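Beneath this line is the structure, given in C-alpha cells, with notes to follow.
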Amino acid sequence: MEFIRPYLTSLEPDISQTICSQSIGGYCSNSLLYPEASLLSTVGLYSDSFNISTPPGGLSEWMGKEYINIGNEVIKVSPISHNSISVAQRGYNGISNMHINGDIVRLIESKDIFNNSFNSDYKQYRCIAFKNDSSLIDPSGGTPSYDISFFIKQNSRNENSVIKIALEQPSHQYLLSSSTRWSEMQIIDSSLIGVYADNYFKDSYLKVVSGSASGQGRLISSFDSLTGAITFYSSFSSSYDFSQNVDYEILPSPAQRISTGTVSPVVGESVDVTNFFNADESSPLRFVSEGSVYNFSDLSPNDIIYMWMERTLVKGRENFDVNNIIINVQYRVSG
C-alpha cells in the first residue's frame, strides 16, 4: 500500500497547481505529481494488456500518453485512449515485475517539471511535497511512516544533465484540534497555551473541519502562546455560527518559496534543509528521528517532507534529451 505520495507545490494553499514548472516551494498543492489509477486485473510477467480504473480526474490527462509506472516497473504502452491498456514494452527501465489487482498505476510523462530556463551557472530548481496520505486509506487515523530515505534510482541518461536532491523539514507538521471559542478573525484554543512559541503557526493554513464553516480556511497571521489565540489575515464570514465550537486542522508549514526556478533555496543545517546530494541507493538521504546529520522526525498521517531538486546542464548542450529520472522513497510503517 502506498502511504507517501508526491504533490506539486504552490504559492497558495489548498489549490491545484496547473503550471508544473511553478512547483518552486511554498504550500503543498492538491495536485499529485503523477496522476493515479488502479489496476483492475493481475498483470503477469508476460502480460501484454490490462485494465485500469477511471482516474479521479477522468482520463483526459492520460489520453495519448505512452509511459506508466506500476511499482518499480516503467512500462511503455500504446497511446492511451481508454481504460484498456496495450503494452508496447515491458520493463522499460530494466525492471519487470508481477502486479496484482488494486495496485497503483501512475502516469509518469504528463508533468513538465523542468523547462529551458537556467541561471548563469546553468542550474534550475523545483520543490515537491511528499505527504503521508495514509489517512485517506485508513480514515480512522492513518499510519505513521518512519526510517524514510530518498534516493535517485536512475539519474538522467543525458550525461550533460545531472539532478541532485535536498530535503526540507517544515517548521511544524499537521495539527488537528478544537476551538475553545472563535470569531471572524480568531480561533482561541486553550489546549495550545504554553505548548508552542509565539507565531509558531504564522503563515500556515488553518481549515475548519466541523460546524457552519466546515471546509473553509484562512492563512494565519499570528499565534499568541499566552492566550492560545490564532489570528487570521482575513476574516471568516459574519454569517457563520460562532456560538458553537469547531474542530479545525492546521496544515504543515510551507517550504521556502523561491522567486523563480533559477534561484537556489537556502540550504544547510541552520535552516533545516540538507545540502544537495547525488543520493543513490547505497547512500540515500535519510529522514529519521535520530542518528542523522539532519535530525528530522517521522511522518505521521498528513505530515509532509519537502524535496528540492537541482538540475545542472553542461553549458551549450541540449536540454531535454533523455532527462527522465526515477526517485525512490523507502520507508517502514507501524504494524
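The values are calculated or read from the model by the stated rules, or taken from the named source; none is laboratory data. Given the structure is predicted, the values throughout are model-derived calculations rather than measurements. For neighbour counting, all protein chains shown are included, and Cβ atoms are generated from backbone atoms with ideal geometry for every residue, glycine included.
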query = Across region 61-72, which residue is surrounded by the fewest Cβ atoms within 10 Å (Cβ to Cβ) among those that are of a type outside the set (Ser, Thr, Tyr) and outside any loop (DSSP other than H, G, I, E, B)?
reply = GLU61
task = Within region 208-225, identify whether any single residue is over 30 Å from ARG126 (Cβ atoms) and touching a residue at least 40 places away in the same chain (Cβ under 8 Å), and answer yes or no.
result = yes
key: Filter pass, SER21 being surrounded by fewer than 19 Cβ atoms within 10 Å (Cβ to Cβ), under 15 Å from the mean Cα position of the chain (by Cα) and not assigned by TED's automatic domain parsing to the domain that holds LYS202   = yes
message = Kindly evaluate ILE187 against the criterion of being in a strand (DSSP E or B), surrounded by 15 or more Cβ atoms within 10 Å (Cβ to Cβ), touching an Asp or Glu at 6+ places or on another chain (Cβ under 8 Å) and not polar (S, T, N, Q).
response = no
query = When the residues of region 229-251 are filtered to those that are of a type in the set (A, V, I, L, M) and in a loop (DSSP other than H, G, I, E, B), which remaining residue is farthest from the chain's Cα centre (by Cα)?
reply = VAL246
message = Restricting to region 235-256, and then to whatever is over 20 Å from SER29 (Cβ atoms), touching an Asp or Glu at 6+ places or on another chain (Cβ under 9 Å) and not hydroxyl-bearing (Ser, Thr, Tyr), can you tell me which residue is surrounded by the most Cβ atoms within 10 Å (Cβ to Cβ)?
response = PHE236
ask   = If a residue has to be out of contact with any Ser or Thr (no Cβ under 7 Å at 6 or more places or on another chain), outside any loop (DSSP other than H, G, I, E, B) and modelled with pLDDT under 95 to count, how many in region 162-184 make the cut?
value = 3
query = Among the residues of region 313-327, how many are crowded, with 18+ Cβ neighbours inside 10 Å, farther than 23 Å from SER29 by Cα and modelled with pLDDT of 65 or more?
reply = 1
query = Out of all the residues in region 12-35, is one or more of a type in the set (Val, Ile, Thr), farther than 18 Å from ILE113 by Cα and either in a strand (DSSP E or B) or without any contact (Cβ under 8 Å) to a residue 24 or more places away in the chain (or both)?
reply = no
remark   = Among the residues of region 199-228, the number that are assigned to a strand (DSSP E or B), aliphatic (A, V, I, L, M) and closer than 14 Å to VAL246 by Cα is 2
remark   = Scanning region 296-312 residue by residue, the ones that are at pLDDT below 85 and either farther than 22 Å from TYR27 by Cα or of a type in the set (Gly, Ala, Ser) (or both) total 1
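Rundown of residues vs (1) at pLDDT 90 or above; (2) outside any loop (DSSP other than H, G, I, E, B), yes/no style:
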| residue | (1), (2) |
| --- | --- |
| LEU45 | yes, no |
| PHE50 | yes, yes |
| PRO56 | no, no |
| VAL74 | no, yes |
| PRO79 | yes, no |
| ILE85 | yes, yes |
| GLY94 | no, no |
Cβ pairs under 7 Å, 6+ apart, first in region 179-199 and in the same structural domain as ASP224 (by TED's automatic domain parsing), second loosely packed, with under 15 Cβ neighbours inside 10 Å and at pLDDT below 95 = GLU184/SER238
message = Residues to consider are ASP112, ASP121; find the one that is in a loop (DSSP other than H, G, I, E, B), closer than 20 Å to LYS153 by Cα and either modelled with pLDDT of 90 or more or not β-branched (Val, Ile, Thr) (or both).
response = ASP112
Filter pass, PHE150 being closer than 23 Å to CYS20 by Cβ, in the same structural domain as VAL162 (by TED's automatic domain parsing), modelled with pLDDT under 90 and surrounded by 14 or more Cβ atoms within 10 Å (Cβ to Cβ) = yes
